[in-house]
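Notes follow the structure.
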Amino acid sequence: MNERNMVLHTDKYEINMMYAHWFHGTQNRKTVFDCYFRKIPFGNGFAVFAGLERIVHYLNQLQFDEETLDYLAQQEENYDPRFLQELREFRFTGDIYAVPEGTIVFPNEPLIRVEARVFEAQLIETALLNFMNYQTLIATKAARIRQVAPNDILLEFGSRRAQEADAAIWGARAAYISGFDATSNMKAGQMFGIPTKGTHAHSWVQDHENEEEAFEKFAEALPNQISLLVDTYNSLKSGVPNAIKVAKKLENKGVRLQSIRLDSGDLAYLSIEARKMLDQANLEYVKIVASNDLDENTILNLKAQGAKIDIWGVGTQLITAADNPALGGVYKLVAKEKNGELLPTIKISGNPEKITTPGLKTVYRIVNKQTNKVEADYIALVEETDVKNGEQIRLFDPIHTYIQKHVSNYQPIELLQPIFLKGRQVYRLPDLDSVRDYHKAQLKLFWPEYLRILNPEVFPVDLSQDVWNMKMNLINEYKAKQA
Ligand SMILES: Nc1ncnc2c1ncn2[C@@H]1O[C@H](COP(=O)(O)OP(=O)(O)OP(=O)(O)O)[C@@H](O)[C@H]1O
Ligand SMILES: O=P(O)(O)OC[C@H]1O[C@H](OP(=O)(O)OP(=O)(O)O)[C@H](O)[C@@H]1O
Ligand SMILES: O=C(O)c1cccnc1
């Protein structure tokens, strides 16, 4: 993929901090940052991680070219030319660990870990969060929609209502990861190999003398993919009867009408009636597509009403995540170099949920070998070996620590994978269909109570004893300083 260099896709405060570090000669100090979110959107029980592919492309292209340096020089007259020279030579040289796209993820677990010179780690914060937050949000919304229509075809129709082009394109990809079958966005189709699908608009019908002629002309031009929009005038009195007439004529030519689309009115009633009319005309093979501001709640409701809809076209509500339009992923410093040593660091907050978890950590998914289901996610220090070796571990709630159990017969799956080491990409990005398959397989690892869309059980994300101790020690140190 040949995306433009997005090195200035960053907040000014990152450049300010880079300059201040350079000014004081601290720019090469090593730091460790964790990316994670604190709250799952939509009241869902899990999120679906996405955004890594774009992050990889972004990091591979990170350079300050002359035009960018000129711009920066104009912005701040105090910039020392030697700072600009340092930017001229800038490359990403750090390590990145991340969970693969399509992974089921939970609050407060590191999804991306950045180990880099503070100069580099600070610059990339904005872009990493931007890509991860949006794409994870849309993948999560799409997973909810897939949940309520497990056996139906789902089409992503959001481009015209998306928050601009990038959102349309990367949102289409995120939806595909979580099980959408196709997109209407041709650019997303071209860039990512997502199957594309489309019917026609009301304008096509309005642009002809009458509806029947419009349907005939459309079918003549595109005999392999005929889907007719039947609600321009009156779905049951005009649209469906005309579609049936055209379908019958097509049968004489050995061609089959694929589907009709309903786009307004009571979709339950109209689809049930349309189905009857089609079946009475021996057109059982013609599918019914529905669209019109759909989301998981309307789809679930329509199904409960017995709607006869085979294919769902979902646009606005999905691509804008309308009922929860942002994922609040954060990027927090968890360790820093001091006198050549890496020391854990903590951010204290009056709100206990916002106190960060210090240290160089990794995440293990603890899979029970007997049930093949996940027991918990377990955050441990990278240096800890017991969980890696499958030894008995104690799982305890990090807030209510008396809630605990011991597990021994488990397989630990390390979620964070090396993506960049010393600035070199070491991770082969999987093709999109593999990401989608991986996501599907992930869902099978969880008991259904964590996956349901309404009031799901809270999935346990636990800290190892060592991580917990480190956190408590730092909190106590901070308190002692305050006293
Ligand atoms: N049977 C149904 N139960 C629940 N929601 C439905 C049902 N049928 C349609 N909807 C949803 O109701 C919302 C609004 O539909 P409504 O009928 O009010 O307007 P409309 O058909 O879009 O009108 P217009 O003709 O202006 O397009 C849409 O989100 C649609 O998906
Ligand atoms: O409702 P959404 O979930 O966002 O799905 C996309 C919508 O976009 C189209 O409507 P639009 O009125 O833009 O054009 P049309 O003339 O093709 O209906 C389409 O008919 C859907 O209703
Ligand atoms: O193909 C369609 O029917 C379509 C595509 C985008 C938006 N609305 C409808």
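The values are calculated or read from the model by the stated rules, or taken from the named source; none is laboratory data. Model, not experiment: these values are computed from the prediction. As a convention, Cβ positions derive from the backbone with ideal geometry for all residues, glycine included, and neighbour counts pool all protein chains shown. Remember, those area values only see protein heavy atoms, side chains included, never the ligands or the DNA or RNA. Shrake-Rupley method; radii C 1.70, N 1.55, O 1.52, S 1.80 Å.
Of all residues in region 288-340 being assigned to a strand (DSSP E or B) and within 21 Å of Ala47 (Cβ to Cβ), which is nearest to ligand 3 (Cβ to nearest atom)?
By that ranking, first place goes to Val314.
Would you check which residues across region 288-321 are near ligand 2 (Cβ under 6 Å from one of its atoms) and more than 23 Å from Asn455 (Cα to Cα) and list them?
Passing the criteria: Ser291, Asn292, Asp293, Gly313, Val314, Gly315, Thr316.
Which of (1) at pLDDT 95 or above; (2) more than 16 Å from ligand 2 (Cβ to nearest atom); (3) closer than 30 Å to Ala167 by Cβ is the odd one out, the single condition Gln280 does not satisfy?
Among (1) at pLDDT 95 or above; (2) more than 16 Å from ligand 2 (Cβ to nearest atom); (3) closer than 30 Å to Ala167 by Cβ, Gln280 violates only (3).
Out of Asn16, Asn5, report the one residue that is open to solvent by 30 Å² or more (accessible area, probe 1.4 Å) and without any contact (Cβ under 8 Å) to a residue 40 or more places away in the chain.
It is Asn16.
How many residues are within 25 Å of Asn297 (Cα to Cα) and in a loop (DSSP other than H, G, I, E, B) if we restrict to region 446-462?
Qualifying residue count, region 446-462: 11.
Test Lys405 against the stated conditions and say whether it is without any contact (Cβ under 8 Å) to a residue 24 or more places away in the chain, open to solvent by 80 Å² or more (accessible area, probe 1.4 Å) and of a type in the set (Lys, Arg).
Yes.
Would you confirm whether or not region 196-213 contains a residue that is in a helix (DSSP H, G or I), more than 16 Å from ligand 1 (Cβ to nearest atom), out of contact with any Phe, Trp or Tyr (no Cβ under 8 Å at 6 or more places or on another chain) and open to solvent by 70 Å² or more (accessible area, probe 1.4 Å)?
no
If we keep just the residues of region 77-110 that are under 30 Å from Ser178 (Cα atoms) and β-branched (Val, Ile, Thr), which is surrounded by the most Cβ atoms within 10 Å (Cβ to Cβ)?
Ile96
Do we find that Glu53 is closer than 23 Å to Ala168 by Cα, of a type in the set (Asp, Glu), in contact with a Leu (Cβ under 9 Å, 6 or more places away or on another chain) and not in a loop (DSSP other than H, G, I, E, B) in this structure?
The answer is yes for Glu53.
Pick from Arg173, Arg144, Arg113: which is more than 16 Å from ligand 3 (Cβ to nearest atom), crowded, with 17+ Cβ neighbours inside 10 Å, farther than 30 Å from Ile260 by Cβ and touching a residue at least 40 places away in the same chain (Cβ under 8 Å)?
None of the others qualify; the one that does is Arg113.
When the residues of region 439-483 are filtered to those that are open to solvent by 70 Å² or more (accessible area, probe 1.4 Å) and under 19 Å from the mean Cα position of the chain (by Cα), which remaining residue is farthest from Val363 (Cα to Cα)?
Step by step, filter region 439-483, then rank; the result is Arg452.
Somewhere in region 67-74, is a residue open to solvent by 10 Å² or more (accessible area, probe 1.4 Å), assigned to a loop (DSSP other than H, G, I, E, B) and out of contact with any Lys or Arg (no Cβ under 6 Å at 6 or more places or on another chain)?
no
Which pairs have Cβ atoms under 6 Å, sit 6 or more apart or on different chains, and link a residue in region 340-358 that is within 15 Å of Leu463 (Cα to Cα) to one that is loosely packed, with under 14 Cβ neighbours inside 10 Å and among the small types (Gly, Ala, Ser)?
Ile355/Ser349
Suppose we filter Ile348, Ile244 for residues that are more than 20 Å from Phe180 (Cα to Cα), open to solvent by less than 60 Å² (accessible area, probe 1.4 Å), assigned to a helix (DSSP H, G or I) and more than 13 Å from ligand 1 (Cβ to nearest atom); which single one remains?
When all the criteria are applied, what remains is Ile244.
Every residue in region 288-309 that is in contact (Cβ under 8 Å) with a residue 40 or more places away in the chain and touching an Asp or Glu at 6+ places or on another chain (Cβ under 6 Å), please.
Ser291
Hey, does region 416-428 have a residue that's within 16 Å of the chain's Cα centre (by Cα) and either within 26 Å of Trp170 (Cβ to Cβ) or part of a loop (DSSP other than H, G, I, E, B) (or both)?
No; the residues of region 416-428 include none that is within 16 Å of the chain's Cα centre (by Cα) and either within 26 Å of Trp170 (Cβ to Cβ) or part of a loop (DSSP other than H, G, I, E, B) (or both).
Say we look at region 251-272 and pick out the residues that are assigned to a helix (DSSP H, G or I) and open to solvent by 60 Å² or more (accessible area, probe 1.4 Å); which of these is farthest from ligand 3 (Cβ to nearest atom)?
Per the criteria, the residue is Asn252.
Which count do you get for residues in region 147-158 that are assigned to a helix (DSSP H, G or I) and open to solvent by less than 40 Å² (accessible area, probe 1.4 Å)?
Total satisfying the criteria: 1.
Taking the condition of being part of a helix (DSSP H, G or I) and touching a residue at least 12 places away in the same chain (Cβ under 8 Å), how many residues in region 178-188 meet it?
The number of residues fulfilling the criteria is 2.
Based on this model, can you work out whether Ile393 counts as in contact with a Ser or Thr (Cβ under 9 Å, 6 or more places away or on another chain) and either among the polar types (S, T, N, Q) or farther than 22 Å from Lys30 by Cα (or both)?
In short, yes.
May I ask you to list the residues in region 214-241 that are open to solvent by 70 Å² or more (accessible area, probe 1.4 Å), more than 16 Å from ligand 3 (Cβ to nearest atom) and either within 30 Å of Asp437 (Cβ to Cβ) or assigned to a helix (DSSP H, G or I) (or both)?
Within region 214-241, Lys217, Glu220, Lys237 meet the criteria.
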